[in-house]
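One structure is given here, and the rest of the page talks about it.
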Amino acid sequence: MAVGFLGLGLMGRPMALNLVRAGTPLVVWNRTASRAEPLRRAGATVADSPAGVFSRAGVVLVMLATEAAVDEVLRRGTPEFAAMVAGRTIVHTGTASPEWSCRLEADVRAAGGRYVEAPVSGSRGPAEAGELVAMLAGDPAATEAVRPLFAPLARETVVCGPVPSALHLKLAVNLFLITMVTGLAESVQLAGALGLDLAALRAVLDAGPMASTVSRGKLAKLAAQDFGAQAAVHDVLKNARLVAGAARGAEVASPLIDVCAGLFAETADLGHGSEDMIAVLRALERRPGGHGADQVRR
């Protein structure tokens with residue numbers, strides 16, 4: 001049978017395109033039908049409903065923005081849910097609450113299906129390049145069966161154990177990512193306040209031990225004042241809150257992510273929720289004494 005894909009947004013569309021370009025027989029659906037046209041042109045079959053995907057696919061990857069969207073699209077709590085997922089493997093590739101993922105796994109199994117938790121680390125650029133890092137959790141047979149599907153999507157696929165271990169790992173990774181990018185934005189703001197040349201700051205950071213693909217990419221976007229989303233503020237805010245919730249549940253201190261969650265909430269409230277996560281700079285600018293990246297000499 002074909003492989004299904006539900007959700008063709010910022011991350012889902014490039015992931016689905018990489019699958020079909022690798023020769024995977026793919027059937028896709030998206031709520032906004034026009035977003036599926038690049039997949040149709042690439043050779044995928046476009047279904048007119050989620051049920052249409054399940055009728056053709058034995059494995060269905062899901063990349064939707066929220067838990068509520070997944071529940072709605074899968075028709076959880078209705079007879080349609082069991083009719084769709086029975087005999088199928090659901091692969092959830094988004095970031096969600098570990099507790100919600102456990103409940104979804106239980107519902108899928110009760111309906112006669114299999115469930116793999118498969119969050120990915122990386123933003124739009126790595127998704128387009130097939131350079132994500134995938135984390136898989138679930139029944140060993142199910143995870144091994146779907147693992148080859150991630151070859152066109154990810155440069156590394158890590159099997160983590162039972163659900164929700166993949167989401168736990170993703171949240172730990174996101175804590176580092178979110179605090180790192182927030183710190184980078186604050187560093188650029190300080191450089192601006194001190195009248196420094198951004199090119200010099202970039203040169204030192206790029207040449208030093210802290211350099212990474214993320215730091216180089218975000219510095220380039222800050223230098224160009226390019227706030228086009230690779231990872232949108234509203235998604236990062238959701239992730240920051242999930243990380244903070246996991247920390248509270250584990251009874252560990254989370255002072256950095258708590259501060260970052262507040263800053264990203266402020267950024268979204270300022271109207272920058274659909275911009276890239278570097279727009280957190282806008283919240284920093286609004287704090288007392290805040291200075292913007294536009295004050296850094298280029």
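Gain on full extension, evaluated as 0.36 nm per residue between Val252 and Ala223 minus their Cα-Cα distance, stands at 6.8 nm.
Which part of region 47-90 falls in the paramagnetic zone of Met1, meaning amide N under 13 Å from the point 7 Å along Cα-to-beta-carbon? In region 47-90, the label zone of Met1 (backbone N under 13 Å from the point 7 Å along Cα→Cβ) covers 51-61, 82-90. Considering helices alone, the calculated mean residue ellipticity of the chain at 222 nm is -15000 deg cm²/dmol, with DSSP H runs of length four and up weighted by -39500 (n - 2.57) and normalised per residue.
Principal-axis analysis of the Cα atoms of the chain puts helix 98-110 at an angle of about 10° to the longest axis. Using Cα atoms only, what is the angle between the long axis of helix 213-224 and the major principal axis of the chain, expressed in degrees (0 to 90) to the nearest 10? On a 0 to 90 degree scale, this one is about 60. Could you compute the net charge surrounding Thr89? Neighbours are other residues with a C-beta less than 10 Å from the C-beta of Thr89; K and R count +1, D and E count -1. The answer is +1.
Is the shape of region 77-217 best called rounded, prolate or oblate, per the rule: a/c under 1.5 gives rounded, else a/b larger than b/c gives prolate, else oblate, with a ≥ b ≥ c the square roots of the Cα gyration tensor eigenvalues?
Prolate, since a/c reaches 1.5 and a/b exceeds b/c.
In the frame of its principal axes, the chain has Cα extents of 62, 46, 34 Å, reported largest first.
Spatial offset of region 135-209 relative to region 218-247 amounts to 11 Å, using the alpha carbon center of each. Note on region 52-131: Cα Rg divided by 2.2 N^0.38 Å, N the number of residues, gives 1.11. Accessible area per residue for region 128-267, computed on protein heavy atoms with a 1.4 Å probe, is 46 Å². For a paramagnetic label modelled on Asp139 (point 7 Å from Cα along Cα→Cβ), amide N atoms under 14 Å away belong, within region 78-103, to 85-91. Solvent-accessible area of region 1-130 (1.4 angstrom probe, protein heavy atoms only): carbon and sulfur portion equals 51 percent.
The values are calculated or read from the model by the stated rules, or taken from the named source; none is laboratory data. Here the structure is a predicted model, which is why all the values come from computation and not from measurement. A quick note on method: Cβ atoms are made from the backbone with ideal geometry, for glycine too, and the neighbour counts reach across all protein chains shown. Remember, those area values only see protein heavy atoms, side chains included, never the ligands or the DNA or RNA. Shrake-Rupley method; radii C 1.70, N 1.55, O 1.52, S 1.80 Å.
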